[in-house]
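Colleague: Mind looking over this structure? Questions follow.
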Amino acid sequence: MRILWLKLERKLSRQGAIGGTIVLSALAAVLAALAHLALYFDGANMSRAAFFRVLVETLAVASPLILYSRYVIAQLKKSRRQLAEMSCHLAIAVDEAEQGSRAKSAFLANMSHELRTPLNAILGFSEVMKEQSLGAMENPRYLAYVAHIHDSGQHLLGIINDVLDLAKIESGKMTLDNATEFALSPMIASSLAMVKGLSEKCSVTIHNRVADPELCFNGVERMVRQVVINLVSNAVKFTPPGGTVTLTGTPRPDGGYDLRVTDTGIGMNEAEMAHALTPFGQNGNRFTGRHDGTGLGLPLAKAMLELHGGTLTLTSAPDMGTTVTMVLPASRVSFQGKAAA
């Protein structure tokens with residue numbers, strides 16, 4: 001039945017909207033007359049006027065409906081063709097975007113390697129000069145200049161490393177082959193010690209409320225440490241003097257663990273939170289020019305956490321502070337006490 005209908009539809013399509021309407025209207029009129037004849041034939045001959053009236057009434061009612069139906073069917077076919085073409089174009093665009101993303105990641109990785117090689121030489125030689133390993137410098141101003149060169153090189157190397165790590169993650173080349181199980185509390189304490197200088201400079205107090213000394217995590221410690229440092233330093237940078245940044249941790253019902261970095265900073269709205277999670281995305285505010293940055297802190301932390309199977313979420317409101325939650329998956333969380341038992 002479906003095959004017959006498709007064949008009829010193809011034949012009607014060749015006739016066009018008007019031709020198809022005429023054929024279908026004639027067919028409807030004949031069927032209506034036959035139905036009338038079968039229902040009301042009482043043995044006497046049906047008058048020609050009555051038969052003609054049935055044909056005219058059927059044509060008058062059916063023709064506009066059939067014409068409109070043919071028009072709707074034609075529009076649907078046209079829309080289907082347009083959707084097919086758009087889907088094809090969209091698939092091509094997605095493929096081109098993926099190729100562009102891979103090319104960008106490869107370019108960033110190669111560029112970072114090319115920059116890091118001479119930068120290591122700059123750092124090495126400037127450190128030798130700063131330490132005066134080959135002899136004393138008579139002019140103290142040279143020592144100050146060398147110290148600035150070394151500090152600037154360290155800052156530039158940090159940016160290059162961030163770009164390189166993000167490019168590796170996006171290109172799928174970053175792996176967890178060297179993952180090990182380590183205790184989270186000592187790692188968090190040492191990470192906060194690295195941010196202590198920045199917090200003192202900004203007059204922001206950091207509180208460590210993670211009270212699970214037996215908590216362990218199976219992953220790449222360098223990455224997890226960088227995630228904590230990025231999130232805490234980012235919170236410190238956008239918290240006014242006298243504010244606080246608090247790190248807390250709570251077990252999850254599914255066996256995972258939540259690490260939260262909460263600040264009393266300027267906060268963000270929905271659009272600003274989405275922008276902050278994009279690579280190189282920096283929201284303009286009164287603290288933007290106070291600190292150096294590339295906008296890679298949050299995106300890199302999110303990418304590294306997701307590489308471990310975790311998630312990173314933001315909760316914030318303007319002038320109400322920000323809470324960044326790191327959800328550590330249950331498959332990588334363990335407790336030394338429970339394991340021993």
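Read-outs: derived from the displayed coordinates by stated rules, not from any lab. None of these values were measured; they are calculated from a predicted model. Note: ideal-geometry Cβ built from the backbone for every residue, glycine included; neighbour counts use all protein chains shown.
Colleague: Mind giving me the FRET efficiency for Ala74 and Ala97? R0 is 35 Å, r the Cβ-Cβ distance, nearest 0.05 is fine.
Modeller: So, using R0 = 35 Å, E works out to roughly 0.55.
Colleague: Moving on. Given Gly256, Val195, Thr311, which one lies farthest toward the positive end of the charge dipole of segment 180-340, if we put +1 on the Cβ of every Lys and Arg and -1 on the Cβ of every Asp and Glu?
Modeller: Val195
Colleague: Long-range amide H contacts for Gly265: which residues qualify at under 5 Å (H placed 1.01 Å from N, peptide plane, sequence gap of 5 or more or a different chain)?
Modeller: Gly321, Thr322
Colleague: Per residue of segment 147-163, in order, report the coupling 6.51 cos²θ - 1.76 cosθ + 1.60 (Karplus, θ = phi - 60°) as ³J(HN,Hα) in whole Hz, putting x for Gly and Pro.
Modeller: 4, 5, 4, 5, 5, 5, x, 4, 5, 5, 5, x, 5, 4, 4, 4, 4
Colleague: Moving on. Could you pull out every residue, at least 5 positions away or on a different chain, whose amide H is within less than 5 Å of the one on Leu296? Hs are placed 1.01 Å off N in the peptide plane, and Pro or chain starts have none.
Modeller: The answer is Phe280.
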